[in-house]
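In what follows, a single structure is set out as C-alpha cells and then discussed.
The values are calculated or read from the model by the stated rules, or taken from the named source; none is laboratory data. The shown structure was predicted, so the numbers you read here are calculated from the model rather than taken from an experiment. Because the Cβ atoms are built from the backbone with ideal geometry, glycine has one as well, and the counts that use them run over all protein chains shown. These area figures cover heavy atoms from the full protein model, side chains too; ligands, DNA and RNA do not enter into them. Shrake-Rupley method; radii C 1.70, N 1.55, O 1.52, S 1.80 Å.
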Amino acid sequence: MRRLLAVEDALRLVLERCPPPAESAEPSDLEYAIGCTLFEDVRADADHPAWPRSRVDGYAVRAADTPGTLAVAFEVPAGHAPGGRIAAGQAARVFTGAPVPDGADAVVMQEDVTARDGAVTLSERSDAGDHITPRGAECREGDLVAARGDVILPWTTGALAAVGKAKVRVARRPSVQVLATGSELVPIDQEPPPGRIRNSNAYALMAAMWHYAGWPEIAGMVPDTRPALDEALAAALAKDPAILLVSGGVSVGDYDLVPAALESAGVAKVFHGVSVQPGKPLWFGVRGKSLVFGLPGNPVSALVNSALFVRPAIRKMSGRTEIVPDPICATLTAPVGKGTWRRKYVPAKLSYSSDGRVVVAPVHYVGSGDLFGFARADALIVVREDAPARAAGESAQVVSLLGSGR
Ligand code: AMP
Ligand code: MG
C-alpha cells in the first residue's frame, strides 16, 4: 500500500497549491454579499453616531439643573436637527435616536418626569452623559469597519450599510465542478433496482460547497468505465474550475479507475492516501490552476474530507483571514474509544449543558457509509493517533461542520 500522509501534511500540500484569491468581476450589491469574503478594507465615512444621540424617549437637560422643574423650550422631532440650544432652566423634548441639542448634557427618561403646562419636574438628580451616546462613540471617521479577508456576516452587512457601502468589493467564489462516479448510481428521482443506489453524494457535495461559500455545479454522473470517465473529466476540466471534486473510484478496487483517469487527463498527482478515518483513499492533484480532489465514494468519507481539506482550500482561495479554524474544546457526554494509527474524526453533536458548558456527544453511527447517522451530526470529535480512550466528563477537541467554519 502507498505511504499515507498525516492530516497536517496533506492539508499543507493542498494549501500550498491554492492560487491567490481573485476579485469578483463586479462588486456585489450589499444585500447579496452575505457569506462572501471582503476584497477591500471598509472605513467609516463619518463619525457614528454623527451627533450625541439620545438613547431614550425623554427630555434633554443640563445635569446641573437637576432635580428641579424646567421649561420645555422646544421639541426635536425625528429626522430633524435641533432647532435651538438649551439655556439654564430649560429642557427639550427628545425621542430615541434624536440629536441631543447643544447646551444639554443629559437626557431624562420620560418615565422619570412629571410633565405639565409646558414644564417638566424631575425628582432625581441626573449625571452628565446620562442616556446619551456621544458623537463618534461607536466609530470615528476613517476607523476600520471591516477588513479585507473578513467573511461578510449579517451584522457585518448592517455595519457596511450604515457607512453607505451599497456595493462592496468581494472575492470571487471558487467555482467547483462536482462529478460522481460509480456504476451502481442512479439519479435520485429514480427507484434503484437491486444492487444500485441513489447518487446522494452529488447533492451532499453540492450542498457542502454552497455551505463553504464555493460556487458549485454538477458535472454529471458516470459509470466505472474509462471512456465515460475520460469524457466527463475532460468536460469538467475544460471549464477550468477552481476545484474539481470527483466522488468514488479512488481506492484500490478493480473498478477504482479515477486515479489513472485523472493522470491521463493531465492532472498531476500530489498525493494519494491520507492517514485519516474516514477517508483514507483521498487523492489530490493539480492541473493548471484547478485543484482536483478524488474523494472516496462513501458518503461520510466524502463529506469529512470536504470539511477537512476542501473547506480550507475554498477559504484560502477566497482570501479569508481565517483559513483553518481552531478546534473547539468541549466536554464529552459519552465515552470515546481509543485512537488508532490513523487520525480519527467521530461524527458528533455539539450542544450546551444546563450549566452553560459546551458539550459534545458522538452520534449513533455505524460507519463511513452511514449517511443517516451523519445527518444527525454538526461536528467531528478529533481522536488523535494513539490517543487513550476517554470517559464522559473528559474534554475533547471538536471541529465544527457548520457554516464556512465560524
Ligand atoms: P468507492 O469509493 O467507489 O469504492 O465507493 C465506496 C462506497 O460509496 C460504495 O458503497 C459506493 O456505493 C458508495 N458511493 C459511491 N459513490 C456514491 C454516490 N455518488 N452516492 C452515494 N454513495 C456512493
Ligand atoms: Mg466505486
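Please state which of the following conditions P193 fails to meet, knowing it meets all the rest: (1) away from ligand 2 (no atom under 15 Å from the Cβ); (2) closer than 26 Å to A375 by Cβ; (3) part of a helix (DSSP H, G or I).
It is condition (3) that P193 fails.
Out of (1) open to solvent by less than 50 Å² (accessible area, probe 1.4 Å); (2) assigned to a helix (DSSP H, G or I), the odd one out for A207 is which?
Exception for A207: condition (1).
Can you name the number of the only condition in (1) in contact (Cβ under 8 Å) with a residue 60 or more places away in the chain; (2) surrounded by fewer than 23 Cβ atoms within 10 Å (Cβ to Cβ); (3) not in a helix (DSSP H, G or I) that G339 fails?
(1)
Among the strands (runs of 3 or more DSSP E) lying completely within the stretch 43-102, list those that include at least 1 residues that are at pLDDT below 95.
Passing ranges: none, list empty.
Scanning the stretch 160-190 for residues that are away from ligand 2 (no atom under 16 Å from the Cβ) and free of Cβ contacts under 8 Å to residues at least 60 places away in the same chain, which turns out nearest to the chain's Cα centre (by Cα)?
Checking each candidate, the answer is I188.
Pull up the stretch 210-242, narrow it to residues that are open to solvent by 50 Å² or more (accessible area, probe 1.4 Å) and in a loop (DSSP other than H, G, I, E, B), then point me to the one that is nearest to ligand 2 (Cβ to nearest atom).
P223
For the stretch 248-272, how many residues are within 9 Å of ligand 2 (Cβ to nearest atom) and open to solvent by less than 30 Å² (accessible area, probe 1.4 Å)?
Qualifying residue count, the stretch 248-272: 4.
Starting from residues that are within 16 Å of ligand 1 (Cβ to nearest atom) and part of a strand (DSSP E or B), keep the ones in the stretch 148-184 and report whichever is nearest to G35 (Cα to Cα).
Residue satisfying both the conditions and the ranking: V176.
Output the residues belonging to the stretch 363-383 that are among the β-branched types (V, I, T), in contact with a strand residue (DSSP E or B) (Cβ under 6 Å, 6 or more places away or on another chain) and open to solvent by 20 Å² or more (accessible area, probe 1.4 Å).
Selection gives V363 alone.
Identify all residues within the stretch 109-156 that are more than 33 Å from the chain's Cα centre (by Cα) and among the β-branched types (V, I, T); write none if there are none.
V113, T114, V120, T121, I132
If I go through the stretch 231-286 residue by residue, how many of them are in contact (Cβ under 8 Å) with a residue 60 or more places away in the chain, away from ligand 1 (no atom under 16 Å from the Cβ) and touching a helix residue (DSSP H, G or I) at 6+ places or on another chain (Cβ under 8 Å)?
5
Tell me, yes or no, whether the stretch 315-334 has at least one residue that is part of a strand (DSSP E or B), open to solvent by less than 10 Å² (accessible area, probe 1.4 Å), farther than 30 Å from A268 by Cα and modelled with pLDDT of 95 or more.
The answer is yes; a qualifying residue exists.
Would you be able to say whether some residue in the stretch 310-322 is under 30 Å from G182 (Cβ atoms) and small (G, A, S)?
Yes, some residue in the stretch 310-322 is under 30 Å from G182 (Cβ atoms) and small (G, A, S).
Going by the conditions given, is V170 surrounded by 13 or more Cβ atoms within 10 Å (Cβ to Cβ), closer than 30 Å to T69 by Cβ and of a type outside the set (G, A, S)?
no
Which members of the stretch 273-284 meet the condition of being away from ligand 2 (no atom under 15 Å from the Cβ) and either out of contact with any Pro (no Cβ under 9 Å at 6 or more places or on another chain) or open to solvent by 40 Å² or more (accessible area, probe 1.4 Å) (or both)?
Matches in the stretch 273-284: S275, V276, Q277, F284.
Determine, yes or no, whether S354 is within 24 Å of L5 (Cβ to Cβ), assigned to a loop (DSSP other than H, G, I, E, B) and among the polar types (S, T, N, Q).
When the stated conditions are applied, S354 does not pass them.
Condition test on L205, is it within 14 Å of ligand 2 (Cβ to nearest atom) and in contact with a strand residue (DSSP E or B) (Cβ under 9 Å, 6 or more places away or on another chain)?
No: the conditions fail for L205.
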